[in-house]
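The values are calculated or read from the model by the stated rules, or taken from the named source; none is laboratory data. Computed from a prediction, not measured in an experiment: that's the story for all the values here. No Cβ is skipped: glycine too gets one built from the backbone with ideal geometry, and neighbour counts run over all protein chains shown. Each accessible area value is taken on the protein alone, full model and side chains, heavy atoms only, with ligands, DNA and RNA left out. Shrake-Rupley method; radii C 1.70, N 1.55, O 1.52, S 1.80 Å.
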4 protein chains.
Amino acid sequence: MRDVQNQLDHRNIEIDKVGIRGLKYPIVVRDRRHGTQHTVATVNMYVSLPQEFKGTHMSRFIEILNEYRGDITLGSISGILESMKQRFRAQSAHLEMGFPYFVEKEAPVTRAPSLMEYGCCFLGSHRDNVDLRVGVEVPVTTLCPCSKEISRWGAHNQRGRVKVMVRFRHFFWIEDLIRLVESSASSEVYALLKRADERYVTEQAYQRPMFVEDVVREVALKLMADPNFTWFSVEVENFESIHNHNAYAFIERAMAEGPPSGHGGAPGGG
Amino acid sequence: MRDVQNQLDHRNIEIDKVGIRGLKYPIVVRDRRHGTQHTVATVNMYVSLPQEFKGTHMSRFIEILNEYRGDITLGSISGILESMKQRFRAQSAHLEMGFPYFVEKEAPVTRAPSLMEYGCCFLGSHRDNVDLRVGVEVPVTTLCPCSKEISRWGAHNQRGRVKVMVRFRHFFWIEDLIRLVESSASSEVYALLKRADERYVTEQAYQRPMFVEDVVREVALKLMADPNFTWFSVEVENFESIHNHNAYAFIERAMAEGPPSGHGGAPGGG
Amino acid sequence: MRDVQNQLDHRNIEIDKVGIRGLKYPIVVRDRRHGTQHTVATVNMYVSLPQEFKGTHMSRFIEILNEYRGDITLGSISGILESMKQRFRAQSAHLEMGFPYFVEKEAPVTRAPSLMEYGCCFLGSHRDNVDLRVGVEVPVTTLCPCSKEISRWGAHNQRGRVKVMVRFRHFFWIEDLIRLVESSASSEVYALLKRADERYVTEQAYQRPMFVEDVVREVALKLMADPNFTWFSVEVENFESIHNHNAYAFIERAMAEGPPSGHGGAPGGG
Amino acid sequence: MRDVQNQLDHRNIEIDKVGIRGLKYPIVVRDRRHGTQHTVATVNMYVSLPQEFKGTHMSRFIEILNEYRGDITLGSISGILESMKQRFRAQSAHLEMGFPYFVEKEAPVTRAPSLMEYGCCFLGSHRDNVDLRVGVEVPVTTLCPCSKEISRWGAHNQRGRVKVMVRFRHFFWIEDLIRLVESSASSEVYALLKRADERYVTEQAYQRPMFVEDVVREVALKLMADPNFTWFSVEVENFESIHNHNAYAFIERAMAEGPPSGHGGAPGGG
């Protein structure tokens, strides 16, 4: 059978990224408490395609993934990217994985345990060096400082969602990045709250009113203060309880040149 | 060319519904304030298929829609359903349209005007009689009675979404159904609120604490009290500000046998 | 602290369903090949609320789920529903879980293995008896018989999605329900196909042209022929390659009165 | 009432973007055939916030939008961005609008007319200069060259989606950008096809097999050949009929420095 993909292409245009998108795949990630955690990822894999080739053998992406099956952690991304570059003879390779990650939390007063889900992602690229980014989405409570200030009682509050992406020097736990975010809002969010806990989070949020602007700055300040992070972006979106649209704030900063993520110690948190 | 769809089918199975789904189509609906309103619908159209036919000529759904183009309102649904039954020689026909609908609202104190969007739908079925349902999705604010009661200050509140579906005897305005829902929550929601308005909705919500259970019952009570409605379902979903999951309540009731919607006066609200 | 939820309600309206929605939870389901499979569910839990009570203690849903943690399979749903009825003193209880489920498949010619993901759901209700439904979403290829018939070469084909829900008498494997669907389309779908496999599925689809109407009937015929199933619904949706809207077909049938699902042998497949 | 947003902030961090997100708004865009077209946009509006201010008066975004109501076209974006910079005394302003856009198409043989929907977006930023990007999402048919080559009959094909974003010098019609994309795939897609048309598109697709790699290159070539475009990105995603994941290709190129979009003639196409 003729290999159509390997035919010469005369249009003289390199393709930046070509690959597969939206593949669901079970993975096992590192978990500080239990060692490992089973979850399900949505995976995208791309390589660059030189101008002279007509196409890409898409099945090889799946084959590479299958070879790493059971060992797809943040620590193995560099190896997967290296395999992709070699197998496709590509200048650059990209791997993106998003997955739910569960952390056991205790309610603030009764200590009742429950599981909270956080959306996580690993984004790896490899041209000359491996570049890794880790992302996490953390639900929080925000209580509006303006509403509190101007009203005789109450203050509107709502669920917000903070998305953080970081580049880093060394291993770190996703759990710590989640904590950093959860400590930067009016209150954290729980799956299980008994009445004493509900009272606690209600009163705490009222005493720590924060705009999206406050949350994005608090998270940014803490990320800038940690020398392990060399770059970050933070995005806060509030599902305003008094509007049908959302409030939004965004900060992106590069703190250092340094070696890109993926070098030095095995990066972790997954 | 052979007409494959018209071939005999020997499997002896009638198909309940066959048709098209997810078609985007611009429509004009009735608007109490401005006469008409342009919007964009997502349309599903189905007919039943007798056991003896292999297939359906799907292009006819589009042709029927095109014939009614510019006049696709709630009032024309019966006619469209009739056309579908005739053209397909079908026992039953179904038409579903969902679309955003805008209403101009004034802020509660400053009277600053703005546009609020509500998700609406028209669902029509025709077997022996035409059966019409109208639905609307209304965002509201809910403030937790338990949180208010047990806390020294503040109370968690959040955006909630109320979905109402009704069967009815006579014409009514969607605007009135929206009002019915908006008056049944801790506060209504606005696109534009100046500070005096924000104070007003904050204080009002604090003085009208309501669970999802309260909202679903209030809406149900008002719908039962209106003799125009012969059946309804109400669904309330709160995007809890202290959890990452939602609170939910649902009531469905048939109040009367009466003639199904679509008979009597030209039904309206769109 | 006052128990607001336990207060008397004077509106005299029973609520059909009240509970939590959209909770993410890690579960372990039964897997024919490996014994068990870890996956992540989206969970809804509801109970009915008598007219005399103002509210529901939502945290109890999470507590019940936590008690069954590590043992949330189709076999344990009856027990969870029973716990819900007792703990809430409710007339009826409802549990809905949707989750991705992976099955290892071999490519049709090269036998290259890969993982396919299928969307599954367990829906349980308990009023007087337990009623269980199992659902599965299966991607398939469909090739249009009309396009093939009228064209000199080629035929349009596309990815389709078949959703099946069943009520059943005894244990069955989800894997078998998936097979039943995959054998009822123009071709099945794979995560990994080498060139010899791609040729095979291309030619097979061309030789087995099927409308959505054909697929829905084939699946229905097979389900009706299996005495284990007492009720089903089948929904086929084709992401037409020549349109930007979808083709759709739906059949629902009750085959027998029999005992509802959830009685008899431990129901399975998850 | 105290103006909390205007308070001094001591954290010394400028916020890149702060504003509103997900607001639905009815707009009127330019339409080559009918002059204007009513549609519904999803709107995001952001400004930068200097380090010394605590917050943003979010209601001003809505007020600005209301002032331009009825005249929100691509041509008015520069003015809206200018208003945003002034009203917020911001260094930079951003406006994003996504909306469905309808074009009347004729079937290729019978000339039967129907409406096709395309997703469009206008993205405007203003720091020192106005930078405008116009985007369009076009559904197409792609037929796999490898599948055709290796199979004795047939070839797998599917719906694909091409997303193009451009920066430009002068006014252009969205309709022309859509045509450019539709002429770069195996076949274009229609809402209404009679049997003679279905035969035509089936045979045409079979004679013009194209990978995602081919489509992305064809579109790129045509965009590079048009001196009106100074930058573009093209993204092609195929909903593979033989897989449950998608094939993907991406190219981004800057062709010229030139003046950024938004200067020179009133930019158009909407």
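Couple of notes before you dig in:
- Selection count where residues are open to solvent by 10 Å² or more (accessible area, probe 1.4 Å) and within 9 Å of chain B (Cβ to nearest Cβ), scope region A:205-221: 2
- C:Gly154 vs. criteria at positive phi and either within 13 Å of chain D (Cβ to nearest Cβ) or open to solvent by less than 10 Å² (accessible area, probe 1.4 Å) (or both): yes
- Flag if C:Thr39 is of a type outside the set (A, V, I, L, M, F, W, C), closer than 19 Å to B:Val215 by Cβ and open to solvent by less than 20 Å² (accessible area, probe 1.4 Å): no
- Leading residue by the ranking (farthest from C:Lys24 (Cα to Cα)) among those in region C:50-81 that are open to solvent by 40 Å² or more (accessible area, probe 1.4 Å) and among the polar types (S, T, N, Q): C:Gln51
- A search for C-beta distances below 6 Å between a residue of region C:181-198 that is open to solvent by 10 Å² or more (accessible area, probe 1.4 Å) and any residue that is at pLDDT below 95, counting only pairs 6+ apart in sequence or on different chains, returns C:Arg195/A:Met1.
- Out of D:Arg32, D:Arg2, D:Arg11, sole residue that is within 14 Å of chain B (Cβ to nearest Cβ) and open to solvent by 40 Å² or more (accessible area, probe 1.4 Å): D:Arg2
- All conditions but one from (1) surrounded by 18 or more Cβ atoms within 10 Å (Cβ to Cβ); (2) in contact with a Phe, Trp or Tyr (Cβ under 7 Å, 6 or more places away or on another chain) apply to C:His245; the one that does not is (2).
- Pairing each residue of region B:146-164 that is over 18 Å from B:Val212 (Cβ atoms) with any residue that is open to solvent by less than 10 Å² (accessible area, probe 1.4 Å) and basic (Lys, Arg), provided the two are 6+ apart or on different chains, yields no C-beta distance under 8 Å.
- Check on D:Val166, part of a strand (DSSP E or B), away from chain C (no Cβ under 14 Å) and touching a strand residue (DSSP E or B) at 6+ places or on another chain (Cβ under 9 Å): yes
- Qualifying residues in region C:115-149 (those that are surrounded by fewer than 21 Cβ atoms within 10 Å (Cβ to Cβ) and at the interface with another protein chain (Cβ under 9 Å from one of its Cβ atoms)) - the one nearest to C:Gly19 (Cα to Cα): C:Leu115
- Among the residues of region A:105-158, those identified as of a type in the set (Lys, Arg) and under 23 Å from the mean Cα position of the chain (by Cα) are A:Lys105, A:Arg127, A:Arg133.
One line per residue, one yes/no per condition, for (1) over 30 Å from B:Pro113 (Cβ atoms); (2) modelled with pLDDT of 95 or more; (3) out of contact with any Pro (no Cβ under 6 Å at 6 or more places or on another chain):
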| site | (1), (2), (3) |
| --- | --- |
| A:Leu193 | yes, yes, yes |
| A:Arg199 | yes, yes, yes |
| A:Trp231 | yes, yes, yes |
| A:Asn244 | no, yes, no |
| A:Ile251 | yes, yes, yes |
| A:Gly262 | yes, no, yes |
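- One residue from D:Val40, D:Val4 being among the β-branched types (Val, Ile, Thr), touching a residue at least 60 places away in the same chain (Cβ under 8 Å) and out of contact with any His (no Cβ under 6 Å at 6 or more places or on another chain): D:Val40
- Taken together, the residues in region D:159-168 that are over 13 Å from D:Arg133 (Cβ atoms) and either open to solvent by 10 Å² or more (accessible area, probe 1.4 Å) or over 22 Å from the mean Cα position of the chain (by Cα) (or both) amount to 2.
- The single condition among (1) surrounded by 16 or more Cβ atoms within 10 Å (Cβ to Cβ); (2) in contact with a strand residue (DSSP E or B) (Cβ under 6 Å, 6 or more places away or on another chain); (3) within 14 Å of chain B (Cβ to nearest Cβ); (4) of a type outside the set (Gly, Ala, Ser) that D:Val47 does not meet is (3).
- Which numbered condition A:Tyr200 misses (of (1) part of a helix (DSSP H, G or I); (2) within 16 Å of the chain's Cα centre (by Cα)): (2)
- Per the listing C:Leu95, C:Leu74, the residue uniquely touching a strand residue (DSSP E or B) at 6+ places or on another chain (Cβ under 7 Å), under 30 Å from C:Asn12 (Cβ atoms) and away from chain A (no Cβ under 14 Å) is C:Leu95.
- Failed criterion for A:Glu237 (all others in (1) crowded, with 24+ Cβ neighbours inside 10 Å; (2) touching a Phe, Trp or Tyr at 6+ places or on another chain (Cβ under 7 Å); (3) under 22 Å from D:Val18 (Cα atoms); (4) more than 9 Å from chain B (Cβ to nearest Cβ) hold): (1)
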